[in-house]
Every structure is written in structure tokens, then in C-alpha cells.
Amino acid sequence: MTDMDRRGLLKAGIAVLAGAALAPGVTLIRAFADGGEGTSSSPSASKIRWGMVIDANKCTEKCQECTNACRTENNVPFFGDERWDGHWIRKATLTPEIEGARSRSLPLLCNHCENPPCQHVCPVAATFTRHDGIVMIDKHRCIGCRYCMAACPYKARTYVFKQPDAWSNPDVPKRDKGVVEKCTFCAHRLDQGRLPACVEACNKSGEKAMIFGDLNDPKSEIYKYIRELSPKGIREDMGLKPKVYYSGI
Amino acid sequence: MSRDSLAAAALVAALLAAAAAPTLYTAAANGLFKKPPRPELVLPKGGDGKCVEPTDYMRANHMKLLVNARDRIVRGGEKLDKYHIEGCKNCHARRAEFCDRCHAYAGVKPECFGCHYLP
Amino acid sequence: MSALSLFYAGISYAGAVVFFGGLAYKLIGYALTPSPLKIPLTPQPASAAGVAWKAVGSILSFRALWNGDRWTWVGGYGLHLVLVFVFIRHLRLFLSPVPWPLADVQPFALLIGALLPLPLVYLMARRAAVDRYRQISSGADYFALALLLLIGLSGLSLKFLFHADVVGIKEFLLGLMLLSPVEVPEHPAFLVHFSLVLVLGFYFPFSKLIHAGGVLLSPTTMQADDAPDVRHVNPWGGQ
Amino acid sequence: MKNKIRFSTIKGNSREYVLLVLSLGFVSFCGFVAAWLRYTHGHYITNMTNAVPWGFPKIVAIYMIGLSAGSLVLSSLSGVFGITEFKIFARSAALLAALLLIGALMSIILDWGRPDRILVPFVHINPRSMFSLDAMFYTAYILTCFVYLWAMFKEKTELVKRLGVLAIFIAILVHSGTGAIFGFVGARELYHSPLLPPLFIASALSSGSAMMVVVMYLTFRWSRRPLDDALLIRLGSYMAAFLLVAGFFIFVENVTRAYFPANYEVQRFLLTSGNKYSQIFWVGMVGIGVVLPLGILFNPATRQNVGWILFASALVLAGVLAERYIIVIPAQVFPIDLFPGMKVSSPFMDGVVAKYSISVVEAFYGLGIFTFVFFLYALALKFFELLPEGAEK
């Protein structure tokens, strides 16, 4: 018997006993003690805080490289109907309400807030913050109640309305119908030491409008950029402390 | 025989048939005195025949390893390891010839394959 | 084959013979027992079809128990409902190939089937705690409940604690059913569970559990209330 | 001293009763079929979209929670404050309260993407989530209802009184929690409001008393048992009081929101744009739900008339449904202002008003479950001693 298995067995035994004796109450107390199940179980592992800066001056309206790359990398469902298509990253066009003003284009994605309202409202703690600050959805646990979609001010979350059939990238799981999905900062690629797909595509296209890196590392490009140019997050007035910054809007 | 005893005999026969129905179904589908059916698995070629844990252990507990790995990796943020489902396809090249056979045999429909791709 | 496998094959067949033979013996016995008197439990329909319809209703709703004792009804009905789902859970191990909807309903059946200990503990506590039930409870009453409880707990442990190789178990069971036994899986929890089920098989036809079939052969339930129209002849030839 | 009220079951073998039960059962069966279709196909067969993730089943759910809380409070008034007239419907109201809440939960759960994960909320709890807390409140509420019912059946007067206090407390808790589901969402101006919990309670009480008027009238009428008009008139006066409070909260909430310049646009959208939502707001929620019934209930010519009170109750029932619609939908269809002062456009419906209309499938599994509650209620009348043999003084 492996060590892990023994642990699992012990857990199962405890679970059965606890289940008999009002499991919800027990879990509740534990959840309060932990400050919510949403927090990752191994926060000590890293002090990394992944973040992103988007330079709206460099991003052009025609370019769709980041959205296409994301769709392919993460199997984001596309049915050709705007009501149901998944969007982990989308391009928006902003026009100031002034006569003859220049419009800007920029990508919108999950801002991986430090205070994520989606995580606060999730009734089963399926949304959680990973040790490196990435807000993720445990699709194995999501019940599809869509409270998080109502609570997210960035409209960063989409729901799987229909069973998507094809894999564009077999190495990344797709989603079954009936759960909520969103940007993960390509956590699977970060774990392999690679950049998120959108950032890679943006660099390749030559626009280089996205800077990605560790917000806690003083040597990183993103750290220096933020220190010098102080880009702003979207709707910072809400106090969510987003980790995606924009300059040039 | 009176009507009542006929009805009683029919009832008794029906009750006994109901009790024996599963046996009759399986015997009709497979034939008596034949070796019981078992899933024929196509094992990975070229490997050393060893999975991440001994075969007997995997047979009974692979689902626990997968669920455990799932929670450690998705929620704990640990790196992918040999217990994660994405690693299975390194050896088990065809799901239809391996995973599906036993699952169909035992009447199990795991959720994994709605999202995770195994060739 | 190993000695253990031989032992289990032998005792399984003995169990099957005793279970089916005992069932047949008992049911035929009930069916042949003359009913000298017309004793339907009124109100009872006057036609055979009406009786059959009412019997189905009574069996699905436990009507007599409902009218008699609601709290016992809650436990008894709950127990039988859970048993239906336990049965559905187990069918996949006996049917090959597994017929269509069976695999799909497994997760739902597990949700309810896993509750098996609850009604059993409740019914046992009822017998032990309430004076008037304790008075009329015999060892056999407790034994049947305790046996089911042990079977349930050992079965649940197979799912939640010591997971067994289901494919091996199914092969063993199919081997028994096709009269071509194979080695028994040497999994202690499974052997405990299976042995307890065999005990139940031996015990079932000769215990109160025979009500499963006997209820359909009870004159009070199954006779039509047609005394004014049909002459009831005492099979013993008396008046 | 008044005589003790004797409760009894109805016979339930008339053709009309069987027909009623069968038709209620048929409609709820259609509802379950619709829910099954939704589960096997996915939400694309409804009209919900990524912009409007909550649709009609949610509206029906909070509507039913409101009816439930309202009828439980009315039921416990009899025991707690000694309003003996209400004892007549105390049992049936408490049963309806339990059934309606179970129906509401079914409506919510069948609308989940993964209703097969029904046990997950009980195993994994997030104390910051109103849904998660509400799951516990709802469970406690249903249990209270059943214990309370049991105590009433056993005529345990003292216990009934205490449980009545508990029931009122939990009903208010449950409804504040339901209001807070929306009120705590900071992302959308129309949700984010501290007044939603009390507004939910006020409309729960008004719609609950309206439902009791209609249901009691029909139940007593169809079971051919005498019902004292004074009881309905008294319920009507309660309803009028609750309506005043609800109307006050609606007024305060909208005026407060409209006073703040950042909300000009959203309030214009809701109140003066003349679109579907402002029509439902003014005609359905304010006109039919508050003003008209108040007019009927305060007019000396009509407030003593059972027919008019029944009509007012039907108006309130429709109006509160419109109110639930206005609470759930407009907040979602109105675009979120991500970049104040800029026009935003994208392939993901940014900056435009999203479309939503109730689809046939949603209507079926929303209303089917609502019907299912009354199907169970009609059956329960036959098996439990819920109705008094006579309700005259």
C-alpha cells in the first residue's frame, strides 16, 4: 500500500464517520477556521503573484491573435452563436464619448482579483485562489448555479451551454456542459515554465502589447513597468484589486 | 383444479421466475457451462508492463488515485505527476480498447472522459 | 482451483439450492394450503381484477402498515425503498451484458442505496426502545435486522473503504451463474460481504423475510369479497 | 370559550377531485420532462445566455420561497399571538410552506448545470456565499415546518407556540438570505441594495396572504366546507398592511438609486425607457401588484366584499411574480459599465442591452414544479387531517 493510499484510506474512514454525524456542521466549522475553503491548501509553496499588463496603445483593433490562441489552447467552446460561445479572452473596442475621439482596442479577460467576488459567492467553493494568485474553477466540483457569472463585474466567466464535441488541443481538458469556465492564465503552461498562450501569440504577432510576469519579483519586466508607468486596473473603485493592468486608456 | 389454485400456481411461478430472472438473463446471453465473459484488454505495447502501481492495486483503486491526484493538482496547485489522468495516455494508447472495456463490463460511466482526452 | 474457491463455489451452490428450493417449497406450501373460510380483509373488491389492483397498491404503498402505525411505516417503507435502490446498484454485477439504462442510474442509486443503515438502525432502535415493541420482539426479529445491517455495512465498506476489483467480482459471480465457477477474489471485505449474503440466502425462506413472496398468497389479502355471488367451497368438505 | 376545532381529511373520491389531481399531476409531469430535456441537452434549449445566466426558473424559485415564508408566518400567527381565527388554516398553511420551499429548491436545483452534484453543497461549504448559507437556512426551515406540523397534529399547544416563534424567525432569516443573494452582488447596480432583504420579506408576506386567501377559498369551496367571510376579510386587511410596506420599500429603493448620478442611465432604463422592463415595472409590479389591490382593500365599498378581496389577492399574486421578474432580469440585461465614460463594443455583448424572454422549456419546468406543489397539497388533503370540518364561528 502506498503512503498516499493510506492517507486516502484514513480520510475515507474519517469521512464516513463524520458523514454519519452531521457532516455539514463539521465542515462549516472547519471552513470558518480556515477562512474559507477557497484558499489553496499549500500557500507556503510560492510567493509568486502572476499578473499581466496590457498596453492599449500597442494593441490594434484588427489583431485577434490572443483570442484565437486562447480558443485553440484551452478548447474554449465556439458554436458560432454569441449567446453561448465561450470567451476566456475577448477583444473590446472603446470609444470615448467625445466627438471624433480615437477608439482603442484591448483584450478583456479574467482579472484574477485579490478579492474575487466570484469566489466569495460560490456556494461550493469550486472557485478558489491558487497559491500563485490565480483564481481557478474546480470543474469537478462546480454545480453550474451561475451565481459567479452574476457576481463577476468583468463578465469574465462563461457557461458551457452545450456539449462541445471536438478537442482543438487534446493535452488540455475541455469542459462538460453545465459548468462555468474562465481564463486560468494558462496555469498548465505556467507550471511547465511557459507563458500563457495569449501572451505568446501577442509577442509572436509583433505587437507585444501584453507583459506577463511575477508581480512580487522586483527583477521582472512587469514589476518595473508597473513601478514606472503605473498602469491601472479596470474599475479599481470596486476594491477587487485586479491583477490585470491596462495602460493607455 | 379450481380457478383459485390455478391463480395461486401462476403466482408462485411468477414469483420464482422473478427471483431467478437475473440468472436466466445472463445464462441466455452467455450460455451455460461456458467460461464467464471477461473484458479483453489490449495492453500497452513495448512497455515493461508496469503501471504506476502494481496491476492488482490499479484494478481496484485507479479511481481513487485519479481523484486524489485531481484534488492535489487542481486545488493544491501541485505539478502534474504520474498519477494524473493526463499521464495515462503515455501508455494506454486506445481508450476504447482499455478503459471502456472494463467500464462497460461493470456498468460504470466515469465522468472523466467528458473533459479529458484519451486517444 | 484453490481450496477457498472450491469452498465458496460449493457453499454458493448450496445456498442457491436452499434459497430457490426453500422459496419454492414455502410458496407452493402456502398455495396448496386450503382456505376453509372466506376471510378477505374488508373492504375488499369483489372482482379478481380489483383484488389484483388493490394488492399492487398495497404492496407499493404498505397500506396496512400506514393505517396501523405511521412511525413504523416510515422506517419500513424507507427500508424497502432503499433496498430497491441497493438491488438496482447490484444488478450490474449479475447481468452481462449490462442492459441500457443501468449504467446511467448508478450514481443516483448509490445516493439512496448508501442510506441503508439508517432505516435498519431506526427499526432496531424502535424495537429496543419502545416498551410495547420490545414485548413482542423476538431474537429472530433482531437477527434479521442485524444481518441486513452487517451486509449493508460490509457492502458500503467495499465501496468507500476497501475498494475491491469489481471486474474480478463480477467474473466470479457470472461464473457461478453460468455453472462454470472461477477463482473467488481473495478480498477480505468482499468475502465477509459475500458470506453474509449466503447466510441470508440460507435463512431467507425459513424466516419472517419470506413475507416477500408470502404476502401475495395470504387469503386475507388475495381473496375477493364475492361471498354473496360465489359459493365458497371448503376444500376439506365441511360446511 | 370557543369549541375546539376538529380537523379531518377530505373524502377525495369525487370525479372533480380525481380530475383536479390528475390534471395537476399531468402539468407537473410535463414540467419534469422539460427539466429532463434541459439536463440532457444543456441550457442552450432555454433562452438563458452568457449575459443572462439566471432565467425564469430562478424567478419562480424566489416567488415560491416568498409564498412559503408568507404562509408560514401567517400560520404561526395563530399560535404565537393567539389569533385563533387563523387556526383554521394553520395546518394547511404550514404544509404549503414546506411544500413550496421544497418546490423552490427543486426549481433551483433542476436549473443547475449539474443537478447530479446535489450533495456537493452539503459537503463543501463556503461561509461567505449566500447560496451556501441559504442551503442551511432552507434545510432548517423545512425541518422546522415538519416538526411544527407534527406538533399541531398532536395538539401540543405550548410546543406549537414555541415552534411558531422559531418558524417566524427562520422564515425571516430565509427570506433575508434570499434577498441577500441579489443584494450582495456588487457588480450590478440593480442588484446591489441593502433594501432587498426587507423588500423580499414584505412582498413575501403580501403574496403569502394573497395565496392563503385564494387557496383557502378554493379549498373550502371545492371540499364543500363552510368558510367564514370574516376570515378572508381579515386576511385582506393584513395583506393591505404588508402591501403598504412593500410599496414603501420599492419607492425608497428606486428613489435612492435614482438620486445618484452614476445610476441615471440604469434608472432611466428601468423606469422611463418604455421598454418591456419598464412596462412590467409600472404595470405589473407597481400597478397590478401594489396600487390596484391597495385601492380595492382601502375602498370602503369593496374591502368587505369577498369577491373583491379574491380579485385583489389574484392581482397581488401576479404583481409579486412581476416583482420577482424585475428583481432578477433587468439587472442582468443592462450592460455592466466597465469603462465609465466610454462606449464599449465587443463580440461578447459588451455595452448593449442583452435580450431575454421566457422560453417554453423554462416556462414548463418553472411552472411545472409550481403545479407539483399544489398536486402534493391536493393529495395531502386526502391523507392528512388538514382541514377543519367547519370554519364558522
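The values are calculated or read from the model by the stated rules, or taken from the named source; none is laboratory data. Here the structure is a predicted model, which means the values were calculated and not measured. Positions of Cβ are backbone-derived with ideal geometry, glycine not excepted, and every protein chain shown enters the neighbour counts. Just so you know, the surface numbers come from the protein's heavy atoms only, side chains and all, with ligands and any DNA or RNA stripped out. Shrake-Rupley method; radii C 1.70, N 1.55, O 1.52, S 1.80 Å.
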* Hey, what do the phi angles of segment A:155-172 turn into as Karplus ³J(HN,Hα) couplings, whole Hz, using 6.51/-1.76/1.60 and θ = phi - 60°, x for Gly and Pro? -> 6, 8, 10, 10, 10, 8, 6, 8, 5, x, 9, 9, 8, 8, 9, x, 7, 10
* Between D:360, D:52, D:266, find the one with the highest GNM mean-square fluctuation for chain D; connect C-alpha pairs within less than 10 Å. => D:360
* Structure fact -> Of the accessible area of the protein assembly as shown, computed with a 1.4 Å probe and all protein chains kept, carbon and sulfur make up a percent value of 66 percent
* Asked: For segment C:3-222, what is the relative contact order in percent, using Cα pairs closer than 8 Å and at least 6 residues apart in sequence?
  -> 34 percent
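Which net charge results for the neighbourhood of residue B:102, defined as the other residues with beta-carbon distances under 13 angstrom from its beta-carbon, given Lys and Arg at +1 and Asp and Glu at -1?
Neighbour charge sum, excluding residue B:102 itself: +2.
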* Structure fact -> Taking placed amide H atoms and a strict 5 Å upper bound, the residues 5 or more places from residue D:343 or on another chain that come that close are A:95, A:97
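Tell me the per residue accessible area of chain D using a 1.4 Å probe; a whole number in Å² is fine.
Numbers: 16070 Å² over 393 residues.
With the other protein chains kept in place, chain D gives 41 Å² per residue.
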* Asked: Relative to the first principal axis of the alpha-carbon coordinates of chain C, what is the inclination of helix C:117-129, with its axis defined by its Cα atoms, in degrees from 0 to 90 and to the nearest 10?
  -> 50 degrees
* Sequence-distant or interchain residues sharing an amide H contact under 5 Å with residue D:387, placed H: which? -> D:8
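Highest first, please rank the peptides A:143-152, A:182-191 by the mean number of other Cβ atoms sitting within 10 Å of their residues. Each step should come with its number before you reach the end.
Values: A:143-152: 24.8, A:182-191: 21.3.
By packing density, highest mean first, the sequence is A:143-152, A:182-191.
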* Structure fact -> Subtracting the Cα-Cα distance of residue D:255 and residue D:155 from 0.36 nm times their residue separation yields 31.2 nm
* Please say if segment B:55-114 is rounded, prolate or oblate, where rounded means a/c under 1.5 for a ≥ b ≥ c the square roots of the C-alpha gyration tensor eigenvalues, and otherwise the choice is prolate for a/b larger than b/c and oblate otherwise? => prolate
* **Residues of type lysines that residue B:34 reaches as a straight line, Cα spacing below 19 Å, ignoring anything fewer than 8 places off in the same chain** => C:170
* Asked: With every protein chain present, what is the per residue accessible area of segment A:34-247 (1.4 Å probe, Å²)?
  -> 39 Å²
* **By average C-beta atoms within 10 angstrom, highest first, the peptides D:335-343, D:180-188** => D:180-188, D:335-343
* To do: Kindly write out, for segment C:182-199 in residue order, the coupling ³J(HN,Hα) from the Karplus curve 6.51 cos²θ - 1.76 cosθ + 1.60 (θ = phi - 60°), rounded to whole Hz, with x marking Gly and Pro.
  => 10, 4, 7, x, 8, 10, x, 5, 5, 4, 4, 4, 5, 4, 5, 5, 4, 4
* Structure fact -> Along segment C:148-155, Karplus-curve 3J(HN,Hα) (6.51, -1.76, 1.60; θ = phi - 60°) to the nearest Hz, with x for Gly and Pro, reads 4, 5, 5, 4, x, 5, 5, x
* Counting only heavy atoms of protein chains, what accessible area per residue, in Å², does segment C:97-239 have with a probe of 1.4 Å? -> 50 Å²
* Asked: Which cross-chain or sequence-distant (5 or more) residues have an amide H under 5 Å from the amide H of residue A:92, H modelled 1.01 Å from N in plane?
  -> A:106, A:108
* Structure fact -> Here the net charge surrounding residue D:261, from other residues whose Cβ is less than 14 Å away from its Cβ (Lys, Arg +1; Asp, Glu -1), is -1
* Structure fact -> The FRET efficiency for residue C:199 and residue C:6, from their Cβ-Cβ distance with R0 = 22 Å and rounded to 0.05, is 0.70
* Most mobile listed residue (C:75, C:155, C:21) in chain C, GNM with C-alpha springs under 10 Å -> C:21
* Choose one answer from B:68, B:30, B:90: the residue with the largest mean-square fluctuation in a GNM of chain B with alpha-carbon springs under 10 Å. => B:30
* Asked: For the pair residue C:104 and residue D:283, how long in nm is the line joining their label points, each one 7 Å along Cα→Cβ?
  -> 4.2 nm
* **Whole-number percent relative contact order across chain D, with pairs defined as alpha carbons under 8 Å at least 6 apart** => 32 percent
* To do: Under 26 Å Cα to Cα from residue C:26, which lysines show up? Leave out anything in the same chain fewer than 8 places away.
  => C:38, C:54, C:208
* Structure fact -> Two pseudo-spin positions, 7 Å from Cα along C-beta at residue A:163 and at residue B:48, lie apart in nanometres by 4.0 nm
* Using helices alone, what [θ] at 222 nm do you get for chain D, with -39,500 (n - 2.57) per DSSP H run of 4 or more residues, divided over all residues and rounded to the nearest 500? -> -22000 deg cm²/dmol
* Mind checking the angle between helix C:100-113 and chain C's longest principal axis? C-alpha axes, 0 to 90 degrees, to the nearest 10. -> 80 degrees
* Could you give the nm distance between label points at residue C:161 and residue D:147, where each point is 7 Å from its Cα heading toward the beta carbon? -> 3.2 nm
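With a 1.4 Å probe, how much accessible area is buried between chains A and D, both sides summed, in Å² to the nearest hundred? If you can, show how the numbers build up before the last one.
Working: alone 14410 and 18860 Å², together 28220 Å².
What A and D bury together is about 5000 Å².
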* **Buried accessible area, chains B and C (both chains, 1.4 Å probe, Å² to nearest 100)** => 3200 Å²
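For residue C:146 and residue C:218, what does the FRET efficiency come to when R0 = 30 Å and r is the distance between their Cβ atoms, rounded to the nearest 0.05? Write down the numbers at each step before the final one.
Details: r = 26 Å, r/R0 = 0.88.
For R0 = 30 Å, the calculated efficiency reads 0.70.
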* Asked: Taking each residue of B:7-14 in turn, how many C-beta atoms of other protein chains fall within 10 Å of its C-beta, and what is the average?
  -> 6
* Does anyone have the angle between helix B:55-70 and the longest principal axis of chain B? Alpha-carbon axes, 0 to 90°, nearest 10? -> 60 degrees
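What is the calculated FRET efficiency for residue D:18 to residue D:245, with r their C-beta to C-beta distance and R₀ = 51 Å, to the nearest 0.05? The partial results should precede the final answer.
Details: r = 41 Å, r/R0 = 0.81.
Step by step, r from the Cβ atoms, then E = 0.80.
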